[in-house]
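The values are calculated or read from the model by the stated rules, or taken from the named source; none is laboratory data. Just so it is clear, the structure is predicted and the values come from calculations on it, not from any experiment. Only protein heavy atoms, including side chains, enter the accessible area calculation; ligands, DNA and RNA are left aside. Shrake-Rupley method; radii C 1.70, N 1.55, O 1.52, S 1.80 Å.
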Amino acid sequence: MAARLNQIASMCNSEFLARMDADDIMHPERLERQIKYLTLYPNTDVVGSSAIIIDTQNDPVNHRSATAASNALDAARSGSFIHPTILARASWFKNNPYSEDILRAEDYDLWLRTADYSIFRNISEPLLYYREIGISHKINT
């Protein structure tokens, strides 16, 4: 996965790069809202969001809240960054490649390695419908 994510960053010709998985569904206004956020707060390196957890039928089964994070270390420690919700400037991804030696935790590794100089923020509104297959969820009522 890390090798493919790095390849995508190296091929990116736009100013921004959004991360998501093929089986997830993007909110129709996700890109607009996240790009606007990075434009309004140019010191922010990466912006994520909350997510609605969906099942194989695309039905909502839970909600994952993205709490405020002031830096990458806070994001990694709190688990507040939901990897497929992030958007950053393409240059940030190019300057901070995923480690291809880390399996299944390439995102946390990246957050920890960039903690000293990256600013991570979250939009509390869910902007991604995130499929977590194999994980049991119940809707909070």
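Quick look at the values:
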item: Residues whose placed amide H lies under 5 Å from that of Ile86, excluding near-sequence neighbours; result: Arg19
item: Coordinate range along principal axes, alpha carbons of the chain, Å, largest first; result: 41, 34, 30
item: For the chain, share of DSSP beta bridges that run antiparallel, in % to the nearest 5; result: 55
item: Accessible surface, per residue, of the chain when the full set of protein chains is kept, probe 1.4 Å, Å²; result: 56
item: Whole-percent carbon and sulfur share, accessible surface of the chain, 1.4 Å; result: 51
